[in-house]
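**Q** Would you mind keeping the following structure in view while I ask a few things?
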Amino acid sequence: MHNVDNGRLRNLISISIIILLSILFCIFIYKSQVKWNNKERICYTLMSAHKENNQVILSREQPELVQDFICRVPELKKIKIQGVASNVTDDAVMRVEVIGLDDGSVYYEKEAKVSSFYSTKKSKKTYKLKGLPKETNGLVIRIRITLISNSDTTIALTYNQKPGTVTAFNGDPGNCANIIYSMMYGRVSYLSLFFCVICGLLIVSVIIIYLCIFVSGWDCRKWFPIVAFVMGMTVQLVVPVYGVPDEPWHMDTAYQLSNVIMNADKSREEGTVLKRECDIITADLLANDVESNSYYQLYYHTFEKPENTALKRVTYVDAGLQVPDLLYLPAALGIITGRLFNLSGMMVYQLARIFSLIVYVMLAWTAIKIIPFCNSMLAMISVSLIVLQQAASASYDAMINGIIFLFTSLCLDLAYGRSDNGRKSELRKHTIIDIFIMLIMAAIIAMVKGGVYIPLLFMVILISRKEKNNNKKGVFWKRLCGLAVMVVVAIGVMLWKYMPFLKVLLSGGEVQGGERYTPAYVLKHPAEIIYMCWRTIIKSGDKNLRGLFGGVLGWHNIEIPWLYIIPMIIGILLLVHVENERPPKNRKYLVTMLMISLITIIMIMLAMLFACTKVGRATIWGIQGRYFIPVEFLMLSVVSTPMITVSYDRAKRIEYGIILFQVVAMLQVVINFV
């Protein structure tokens, strides 16, 4: 009893010290890194920051445009409009007016030469608005831009679609074109309180993780679901809605699936989705990036009551063309839950992310429990920042990564036996359930990302056993038949899924449409493609390596210093050497894992070459570190050496240390926008 009391006292003292040090560290970070300026405005970007936008042309034939919109932000002060002028003459004049439609007030008016607004290089012009009321939320405003010229002068203004903000464009209520690139409004002073909230959540996370790992004494097979969920919830606040690559399109695709499940869209139109008006407005208010406005919307609009829940049809990009709808099911169920309970647009999108996170955690947890070795390393990979960023979003990467982790674990379980309390059990026999689950996962793996992860299916060749009643010939034919069925099914599914794209790709000659590379070009110029791949590795390998370990977040534009990433990499490499968790060192395992990793990397590079790289580029465009997450475990599991041995107790400290560095890294992400 006395020992129990002493243990509780030590734990209480330890937790108190952790809380105190964490608070002091947060204060230190705030004082040393946050450059506070109460006069700074909140930045709200309306244009797509990482995708192509459209252009509307002002010319002698079409000299005027008019946009009517509802201001959705408080204390609006400035707007920016992006444009570029061509064939500018001295007599070309441009007139800009910003008028309040409620009372006719003029907030901005200027007429001057075109050159005083825009040059021949694309730029953003800032328009400072005056005379606005203090509360601008809900204000109806008109922007009128007129080109006065008898010459060939043209002005190309950037625009996109904002159906929840724009009420009419050029007098057409059905046209939701928006030419405002960004707005500046309010004050960033709210970020001080938001920073405190994030610090509080991070401190709670650190305490929960400490209780799980040290006080309860759990290994990763027990603490993983709690730690992964707590960290995932924190990550999805640090990288808010639409802060993950292509998340606006993923969210709309999940929304469309929610309509199908709820039978809400009885007259479906191709390329459109029915959404609640409050959800459309929320989507309009979120940039496809992370910025101060993202945190403002999250902080102030998560728990508000929705004003308008009527359904409205809007256009959308169907991201489900690359994957089966099943991968959007968790996010769709989250959206359905929010709609049924009449929650705010922000909360609906948050629930889509949370449901995806829960399913990912369950998949990864199952993988960690059944894998026969490197449990700790797989757990740390599964809770790395980049993996959790994708898991706690509407992206299909949440399901893809979880399914591939589980497929890998199941293959290794059948090949080497299941780990049980640090000791490997006897090899178990294949069951119909094993084969059925692996076939389902193989089909899904083949259908995603253009089939670039198909090489992972070759892990089934590791499934061989040395049972007394099986001769080598029988084992060989079993393995060969199993592999053949798996590969044939996977390739068949991939061809069925991507046949339209493959027809275009294969029939395009050397280059598709004069812009994209094709297999014919690669076969005719192999040396050029090899040089391009090498240049890509040299030029962007550093950033992609950092991204693989969570050092590049958001839309591949939030960079975390190597100071935080290097200790995490070292920690994960050390966890390969945990006693009783070492991977096999036989040649078959090493060669299989290295070849699968290499072929997958090559396929990813070729996929980005065909899909995203324009002819003439020196390097392959669009490759990101997160694409290699599915082979991260395979690559790291072959670096084991007998010269290093990590005890079970030290492994727990390493795990906690890695998590602490990730917590600090999350704090750095918030600081970048404070």
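**Q** K39 versus (1) at pLDDT below 95; (2) open to solvent by less than 90 Å² (accessible area, probe 1.4 Å): which is the lone unmet condition?
**A** (2)
**Q** Being without any contact (Cβ under 8 Å) to a residue 24 or more places away in the chain and either open to solvent by less than 60 Å² (accessible area, probe 1.4 Å) or touching a Ser or Thr at 6+ places or on another chain (Cβ under 9 Å) (or both) is the filter here; which residues of segment 616-645 pass it?
**A** W621, G622
**Q** Moving on. Please find, among V578, V522, the residue that is touching a residue at least 40 places away in the same chain (Cβ under 8 Å) and touching a strand residue (DSSP E or B) at 6+ places or on another chain (Cβ under 8 Å).
**A** V578
**Q** Ok, one more. Condition check: open to solvent by 10 Å² or more (accessible area, probe 1.4 Å), farther than 19 Å from K80 by Cβ and without any contact (Cβ under 8 Å) to a residue 12 or more places away in the chain. Does P163 satisfy that?
**A** For P163, the condition - open to solvent by 10 Å² or more (accessible area, probe 1.4 Å), farther than 19 Å from K80 by Cβ and without any contact (Cβ under 8 Å) to a residue 12 or more places away in the chain - is not met.
**Q** Additional query: If the requirement is being closer than 30 Å to K51 by Cβ, aliphatic (A, V, I, L, M), open to solvent by less than 40 Å² (accessible area, probe 1.4 Å) and more than 18 Å from the chain's Cα centre (by Cα), which of these qualifies: A177, A254?
**A** A177
**Q** Select from segment 71-105 the residues that are touching a helix residue (DSSP H, G or I) at 6+ places or on another chain (Cβ under 9 Å) and under 20 Å from K162 (Cα atoms) and list them in ascending order.
**A** Matches in segment 71-105: R72, V73.
**Q** Taking V273 as meeting all but one of (1) in contact with a Phe, Trp or Tyr (Cβ under 6 Å, 6 or more places away or on another chain); (2) open to solvent by 40 Å² or more (accessible area, probe 1.4 Å); (3) assigned to a strand (DSSP E or B), write down the number of the exception.
**A** V273 satisfies all of (1) in contact with a Phe, Trp or Tyr (Cβ under 6 Å, 6 or more places away or on another chain); (2) open to solvent by 40 Å² or more (accessible area, probe 1.4 Å); (3) assigned to a strand (DSSP E or B) except (2).
**Q** Can you report the number of residues in segment 287-307 which are open to solvent by less than 60 Å² (accessible area, probe 1.4 Å) and in contact with a helix residue (DSSP H, G or I) (Cβ under 6 Å, 6 or more places away or on another chain)? If you could, list the steps in order and put the result at the bottom.
**A** Taking segment 287-307 as the starting set, the residues that turn out to be open to solvent by less than 60 Å² (accessible area, probe 1.4 Å) are 287-298, 301-302, 306.
Still in the running and in contact with a helix residue (DSSP H, G or I) (Cβ under 6 Å, 6 or more places away or on another chain): 288, 295, 301-302, 306.
Selection size over segment 287-307: 5.
**Q** Only residues in segment 109-138 that are farther than 28 Å from P74 by Cβ count as the first member; pair them with residues that are open to solvent by 70 Å² or more (accessible area, probe 1.4 Å) and assigned to a loop (DSSP other than H, G, I, E, B), Cβ under 8 angstrom, at least 6 apart or cross-chain, and list the lot.
**A** Listed by first residue and then by second, the contacts come to K113/D90.
**Q** Can I ask one more? Hey, among I213, I145, I198, I209, which residue is crowded, with 20+ Cβ neighbours inside 10 Å, within 30 Å of S22 (Cα to Cα), β-branched (V, I, T) and in contact with a Lys or Arg (Cβ under 9 Å, 6 or more places away or on another chain)? Break it down into steps so the answer makes sense when it comes.
**A** Values: I145 fails: within 30 Å of S22 (Cα to Cα); I198 fails: in contact with a Lys or Arg (Cβ under 9 Å, 6 or more places away or on another chain); I209 fails: in contact with a Lys or Arg (Cβ under 9 Å, 6 or more places away or on another chain).
Being crowded, with 20+ Cβ neighbours inside 10 Å, within 30 Å of S22 (Cα to Cα), β-branched (V, I, T) and in contact with a Lys or Arg (Cβ under 9 Å, 6 or more places away or on another chain) holds for just one of I213, I145, I198, I209, which is I213.
**Q** What about F373, is it touching a helix residue (DSSP H, G or I) at 6+ places or on another chain (Cβ under 8 Å), modelled with pLDDT of 85 or more and open to solvent by 40 Å² or more (accessible area, probe 1.4 Å)?
**A** Answer is no for this residue.
**Q** If you don't mind, there's one more thing I want to ask. Does segment 551-559 contain at least one residue that is part of a helix (DSSP H, G or I) and touching a residue at least 40 places away in the same chain (Cβ under 8 Å)?
**A** Checking segment 551-559: not a single residue is part of a helix (DSSP H, G or I) and touching a residue at least 40 places away in the same chain (Cβ under 8 Å).
Every residue, every condition in (1) farther than 30 Å from F661 by Cβ; (2) at pLDDT 90 or above, yes or no:
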{"site": "V511", "(1), (2)": "yes, no"}
{"site": "K524", "(1), (2)": "yes, no"}
{"site": "W555", "(1), (2)": "no, no"}
{"site": "R582", "(1), (2)": "no, yes"}
{"site": "V591", "(1), (2)": "yes, yes"}
{"site": "V615", "(1), (2)": "yes, no"}
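**Q** I need the full set of residues from segment 316-363 which are surrounded by fewer than 18 Cβ atoms within 10 Å (Cβ to Cβ) and hydroxyl-bearing (S, T, Y), in order please.
**A** T337, the sole residue that qualifies.
**Q** Another question, then. If I ask for residues that are of a type outside the set (A, V, I, L, M), buried (at least 18 other Cβ atoms within 10 Å of the Cβ) and not in a loop (DSSP other than H, G, I, E, B), which ones from segment 57-73 would you list?
**A** Those that are of a type outside the set (A, V, I, L, M), buried (at least 18 other Cβ atoms within 10 Å of the Cβ) and not in a loop (DSSP other than H, G, I, E, B): Q67, D68, F69.
**Q** Do we have any residue at all in segment 585-592 that's assigned to a loop (DSSP other than H, G, I, E, B) and either surrounded by 15 or more Cβ atoms within 10 Å (Cβ to Cβ) or not polar (S, T, N, Q) (or both)? Break it down into steps so the answer makes sense when it comes.
**A** Here is the first cut: in segment 585-592, the residues assigned to a loop (DSSP other than H, G, I, E, B) are 585-586.
With the extra rule that they be either surrounded by 15 or more Cβ atoms within 10 Å (Cβ to Cβ) or not polar (S, T, N, Q) (or both), the set shrinks to 585.
Within segment 585-592, one or more residues are assigned to a loop (DSSP other than H, G, I, E, B) and either surrounded by 15 or more Cβ atoms within 10 Å (Cβ to Cβ) or not polar (S, T, N, Q) (or both).
**Q** Please enumerate the residues belonging to segment 261-270 that are open to solvent by 80 Å² or more (accessible area, probe 1.4 Å) and either of a type in the set (S, T, Y) or free of Cβ contacts under 8 Å to residues at least 40 places away in the same chain (or both). Steps first, please.
**A** Of segment 261-270, the ones open to solvent by 80 Å² or more (accessible area, probe 1.4 Å) are 261, 263, 266, 268-270.
Correct list: N263, K266, R268, E270.
The values are calculated or read from the model by the stated rules, or taken from the named source; none is laboratory data. Quantities reported herein were computed from a predicted structural model and do not represent experimental measurements. No Cβ is skipped: glycine too gets one built from the backbone with ideal geometry, and neighbour counts run over all protein chains shown. Remember, those area values only see protein heavy atoms, side chains included, never the ligands or the DNA or RNA. Shrake-Rupley method; radii C 1.70, N 1.55, O 1.52, S 1.80 Å.
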